[in-house]
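The values are calculated or read from the model by the stated rules, or taken from the named source; none is laboratory data. Remember, it's a predicted structure, so these values are computed and weren't measured experimentally. Cβ placement follows ideal geometry from the backbone for every residue including glycine, while neighbour counts extend to all protein chains displayed. When the accessible area is computed, the model is the full protein with side chains, heavy atoms only, and any ligands, DNA or RNA have been set aside. Shrake-Rupley method; radii C 1.70, N 1.55, O 1.52, S 1.80 Å.
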Amino acid sequence: MNKRDFLKTSTMAAASVVVQPMGIFETSSTSKEKNGKKALMLGGRGFIGPTIVNALLAAGYEVTLLNRGMTNPELFSELPLIVCDREKENKQGLKAISKKDRETYWDVVVDTWQKSSKAVADFLEEFKSNIGHYHYISSISVYDKWDKKYIIENEPLNPLPAAPTTIGEEFRYAIRKTLAEEAIRKHFDRYTIYRSSGMKDYRTTHPNDPSSQPYWPVRFNRGGEILVPKIKDHYIQFTDVQSLVRFVVHCAENKTYGAFNVAHPTMAFKDYISCLAYVTQRPDKLHWIDGSFLEKEGLLPYKIVPFWREQPVGFYYFNVQKALLAGLVNRPVTDMLADQLAGYKSRFPKDDVRFGITVGDTTIKYFSMEKEKEVIRKWIART
């Protein structure tokens, strides 16, 4: 397929899968009129935090941040800041908060904590009488078994050890998130938990780390001849941060409680590729190469080739119907991809990230363009 035909087909496919109604959020997310409500953002200056803060401000909330004042201190310098270290034992950080702030009634509290669940429990024990609605950004990793498709919110969660009595990160991420959810249910009733699945946004979790950059948007933006895996029944799933955050505001305004899987519905990988082509107006040529051939060449699923994972069965198949019925509206995938690419360009204006190479003792994720060319050449010779 030549570039013109591919882009024409891609544009049609992209249009068919990404157009979503946005009107439900126009009033709440774009109005700058004060709504008279106070929101406390725990953190607020890392990865997803700024997106949440901006959405709350746009919805008219009076936002205060609570953090150590160390991460990206230049962000939201105009907003009130409660300096607090939640990782201090015996609630010493929380107890140092001023009497005025401790007695303030917060209509909305948003938390993204992923370290010790003891910090979540400590905060709720100290503040629960002054919270209207507690929102927690969790993860699909809290589910125990991923051995079937379309896992819903009442599926069993990870078996848990005893709740920690001290601050620490002795458990893996999935257990820490599950323990945090358990602490919320134990200490508070008016909560909403958002179980995300691979969050994608303008920002990344580690902005200066090449391995944290969005491989497929970056690779398509570079153009040329691109390798993509040809897999039967290849589907993917992800969470668009902007859509997730708008859902947080929606749940806050409508007092929607409970736990929700929050992600884009499962989509075909070929449609994702179509969206990439639409956003970047590339590639010059696309090579769909059998997965078995890629594996023989060392391009392994997930670890080396992103958005390709066949096991466990449920990995890209979490049921999001409950969230959709509650008001989640996923914006166009093309918008998400454009944001990811814009974020990458702002972090690396020279486009100098090289995937799949070893620098010192660190191997950067995914695969290099040199390896890609080699595999394409071998595939063409074989076929």
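Is it the case that region 368-379 has a residue that's outside any helix (DSSP H, G or I), closer than 21 Å to Leu276 by Cα, under 26 Å from the mean Cα position of the chain (by Cα) and modelled with pLDDT of 95 or more?
Scanning region 368-379, I find at least one residue that is outside any helix (DSSP H, G or I), closer than 21 Å to Leu276 by Cα, under 26 Å from the mean Cα position of the chain (by Cα) and modelled with pLDDT of 95 or more, so the answer is yes.
Could you tell me whether region 316-326 includes any residue that is more than 30 Å from His135 (Cβ to Cβ) and not β-branched (Val, Ile, Thr)? No, every residue in region 316-326 fails to be more than 30 Å from His135 (Cβ to Cβ) and not β-branched (Val, Ile, Thr). Scanning region 145-158 for residues that are in contact with a helix residue (DSSP H, G or I) (Cβ under 9 Å, 6 or more places away or on another chain) and part of a loop (DSSP other than H, G, I, E, B) returns Trp146, Tyr150, Ile152, Glu153, Asn158. Here Lys148 passes the criteria (1) surrounded by 14 or more Cβ atoms within 10 Å (Cβ to Cβ); (2) modelled with pLDDT of 95 or more; (3) not hydrophobic (A, V, I, L, M, F, W, C) except the one numbered (1). In region 322-375, the residue that is most open to solvent (accessible area, probe 1.4 Å) out of those that are within 21 Å of Lys200 (Cβ to Cβ) and of a type in the set (S, T, N, Q) is Ser346. Looking across region 123-138, just one residue is in contact with a Ser or Thr (Cβ under 7 Å, 6 or more places away or on another chain) and open to solvent by 10 Å² or more (accessible area, probe 1.4 Å), and that is Asn130. Consider region 98-122 and keep the residues that are crowded, with 18+ Cβ neighbours inside 10 Å and β-branched (Val, Ile, Thr). The one that is farthest from Ala252 (Cα to Cα) is Val120. Is it fair to say Ile184 is touching a Phe, Trp or Tyr at 6+ places or on another chain (Cβ under 6 Å) and modelled with pLDDT of 95 or more? It is true that Ile184 is touching a Phe, Trp or Tyr at 6+ places or on another chain (Cβ under 6 Å) and modelled with pLDDT of 95 or more. Pick from Val313, Val279: which is assigned to a loop (DSSP other than H, G, I, E, B), touching a residue at least 40 places away in the same chain (Cβ under 8 Å), farther than 23 Å from His133 by Cα and open to solvent by 20 Å² or more (accessible area, probe 1.4 Å)? Residue meeting the stated conditions: Val313.
If you check Phe307 against the conditions, is it in a helix (DSSP H, G or I), open to solvent by less than 30 Å² (accessible area, probe 1.4 Å) and in contact with a helix residue (DSSP H, G or I) (Cβ under 8 Å, 6 or more places away or on another chain)? When the stated conditions are applied, Phe307 does not pass them. Residues in region 68-110 that are part of a strand (DSSP E or B) and out of contact with any helix residue (DSSP H, G or I) (no Cβ under 7 Å at 6 or more places or on another chain): Leu81, Val83, Asp107, Val109.
When Ser16 is tested against (1) modelled with pLDDT of 95 or more; (2) not in a loop (DSSP other than H, G, I, E, B), exactly one condition is not met: (1).
Pro161 meets each of the listed conditions (1) assigned to a helix (DSSP H, G or I); (2) free of Cβ contacts under 8 Å to residues at least 40 places away in the same chain apart from (1). Inspect region 290-297 for any residue being in contact (Cβ under 8 Å) with a residue 24 or more places away in the chain, in a strand (DSSP E or B) and either polar (S, T, N, Q) or farther than 29 Å from Glu155 by Cβ (or both) and give the result as yes or no. Yes, that holds for at least one residue. Being touching a strand residue (DSSP E or B) at 6+ places or on another chain (Cβ under 6 Å) and closer than 26 Å to Asn254 by Cα is not true of Lys285. If you filter region 217-249 down to residues that are assigned to a helix (DSSP H, G or I) and in contact with a helix residue (DSSP H, G or I) (Cβ under 6 Å, 6 or more places away or on another chain), you find that the one that is most open to solvent (accessible area, probe 1.4 Å) is Arg246.
Looking across region 67-81, the residues that are in contact (Cβ under 8 Å) with a residue 24 or more places away in the chain and open to solvent by less than 40 Å² (accessible area, probe 1.4 Å) come down to Asn67, Phe76, Leu79.
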